[in-house]
1. With N set to the residue count of segment 429-540, report its C-alpha Rg divided by 2.2 N^0.38 Å to two decimal places.
2. Calculate the FRET efficiency for Glu494 and Lys137 from the Cβ-Cβ distance with a Förster distance of 45 Å, rounded to the nearest 0.05.
3. If you count, for each residue, the other Cβ atoms within 10 Å and average over each peptide, how do 64-76, 306-318 line up from highest to lowest?
4. Looking only at Cα atoms, what is the convex hull volume of the chain per residue, in Å³?
5. Let's see if you can work this out: charge +1 on each Lys and Arg Cβ, -1 on each Asp and Glu Cβ, no other charges. What is the dipole magnitude of the chain about its Cα centre, in debye to the nearest 20?
6. Say the dipole of segment 429-540 comes from +1 at the beta carbon of Lys and Arg and -1 at that of Asp and Glu; which of Pro529, Ile470, Ser487 then lies farthest toward its positive end?
7. Suppose R0 equals 60 Å; then what is the FRET efficiency for Lys537 and Asp148 from their Cβ-Cβ distance, rounded to the nearest 0.05?
8. Once both labels are modelled 7 Å past Cα along the beta-carbon direction, what's the Tyr515-Glu450 spacing in nm?
Amino acid sequence: MNKEIKLLGEVFEKSAKNLPNKLALKKGDTEYTYAQVEDAVIKLKNYLLGLGLKKGDRFSVIGENRPEWAVAYLAIVRAGLVCVPLDPMLKESEIIHVLRESEARGVLSSESHIYKIEDVKAELKSLKWIIPLNSIKELDVGEDIPADQIDPDSLAVLIFTSGTTGTSKAVMLTHNNIISNIRSFEPVIKLGENDAMVSIIPMHHTFEATCGFLYPLYCGAAVHYPPSLKPNDLRATLKSARVTCLIAVPLLFEKLLRAVHRKVARSPLPTKILFNTISGTASLLKFLRKPLFAKVRGEMGLETLKYAVAGGAALPAKVAKGLELLGIPILQGYGLTESSPVISVNPLGNSKNDSVGPPIPGVEVKITEPDTSGIGEIVVRGPNVMLGYYKNKVATDEVLKHGWLYTGDLGHMDKDGYLYITGRMKSIIVTQTGKNIYPEEIEEKLIKSEWIKEVLIVPRIDPETKKEEICAIIHPNYELLEQHSISKGITLAEQDIQSIYKDEVRKCNENLSAYKKITRFEIREEEFPKTTTNKIKRHLFVERGIRV
């Protein structure tokens with residue numbers, strides 16, 4: 001292990017020393033060797049310090065997955081600044097919130113998103129610099145400017161959880177939090193200089209940042225970025241990269257599996273028969289899977305793939321089974337942004353993919369107040385656990401107690417130490433792509449409507465597609481409806497009422513990011529049942545899901 005590495009800005013140093021001419025980052029015609037990564041990071045670090053920025057100042061980065069995003073992140077933390085990754089999908093009001101709350105001094109932005117920052121700059125007193133990511137390679141700075149000594153336990157990254165607008169809830173991660181998580185991850189998912197990864201999950205996502213960006217650089221592997229996630233672009237990148245390890249959300253693996261099934265459906269009859277036969281007797285023919293489906297994997301760009309790691313959302317059992325059938329070991333893991341993020345991963349060769357695996361080395365997990373089935377809240381302790389929530393002591397104290405992180409997830413452990421997620425205590429909704437949706441944020445927007453007396457946002461599983469949707473349960477303001485009916489001299493039919501609330505939902509969706517939009521709503525005639533403190537009993541309406 002690279003035990004001497006203690007700071008995020010040094011994560012690539014051993015690779016740069018031992019493998020200077022080895023490919024590190026690539027997107028299209030843009031390539032960086034490890035030596036070039038080191039040179040670019042140091043130049044940008046010097047440039048930032050040359051602006052007069054001081055240790056602890058916040059600096060943001062926004063953009064699509066690309067080598068320059070990685071360089072920007074590394075230069076920010078190497079300069080002793082705090083990196084604030086921005087989700088490109090955020091609305092203008094959300095970008096303002098993140099930059100204002102973090103007091104970011106500047107933003108390194110890709111050209112496709114720079115207009116968003118320029119549009120809000122006038123509203124942000126602290127924001128002084130907007131730097132295009134394309135300019136990184138053109139920087140011409142003088143002598144090296146040494147950064148102030150950085151404490152490994154100091155704040156390195158400030159991650160605003162998706163959807164936080166009113167009350168700030170930003171996760172504070174230190175250099176040591178993330179570096180310790182990388183070290184703990186190393187014995188479980190082994191990578192080396194001959195490995196290649198394809199970056200798919202957005203880089204501002206902690207799962208991708210730690211596991212799909214920082215970790216491969218730590219190990220000397222290469223990271224490839226597809227020009228887009230369109231099937232042809234992705235398949236071409238997987239092939240050209242000769243990908244050996246793929247980390248992605250379950251939805252991507254599900255799409256890959258569907259593509260395989262489409263190819264088999266177009267195959268000659270003997271191939272179809274063989275595929276269907278093996279599907280029914282996979283356990284008996286395990287040793288045959290890899291050679292039998294080598295051609296199918298090759299057409300998908302997966303012929304060199306050694307294993308795949310799923311995280312960010314729940315992995316459907318049929319997807320895990322389908323990939324294993326093709327001879328692709330799939331490993332499910334579990335983590336939270338608050339834990340940098342990895343907590344547990346299924347080990348290669350001994351996986352139980354109905355579980356999320358045993359805790360990774362150095363991370364403790366226990367179940368608090370288990371019921372008769374052994375199910376209780378999952379709590380975590382280790383050097384990977386966050387400092388707390390930025391400027392939010394109340395929220396911090398709710399989840400950090402006596403050194404333990406209370407995840408809000410429910411689960412149990414088997415006799416072998418494998419962790420199983422059975423539900424969640426929190427109201428948070430997790431999409432298939434790993435996006436977190438906070439129901440209260442959407443409820444706050446809807447309740448502003450005079451037509452709505454009470455509302456609850458809950459996940460709903462579509463019975464046909466099995467996909468999780470965002471559903472609004474609305475208790476109307478019947479007094480206003482009655483007044484409206486009298487004033488118009490009409491009797492409102494059910495379709496008239498539906499039309500009113502359909503319009504209210506539409507107006508709400510106009511101000512929401514695509515993944516947060518309400519896809520269904522229903523009218524509830526009675527008020528919601530409430531607790532003694534007058535809070536809606538949300539748990540009575542939420543279909544319990546799992547968070548990975």
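A short reminder: the numbers here are calculations on the coordinates, not readings from a lab. All values reported here derive from a predicted model rather than from experimental measurement. Here the Cβ positions follow ideal geometry from the backbone for every residue, glycine too, while neighbour counts run over all protein chains shown.
1. Normalised by 2.2 N^0.38 Å, the Cα Rg of segment 429-540 equals 1.14.
2. 0.15
3. Highest-to-lowest ranking by the protection proxy: 64-76, 306-318.
4. Spread over its residues, the Cα hull of the chain gives 179 Å³ apiece.
5. The calculated dipole for the chain is roughly 1700 debye.
6. Comparing the listed Cα positions along the dipole, Ile470 ranks first.
7. It comes to 0.70.
8. 3.6 nm
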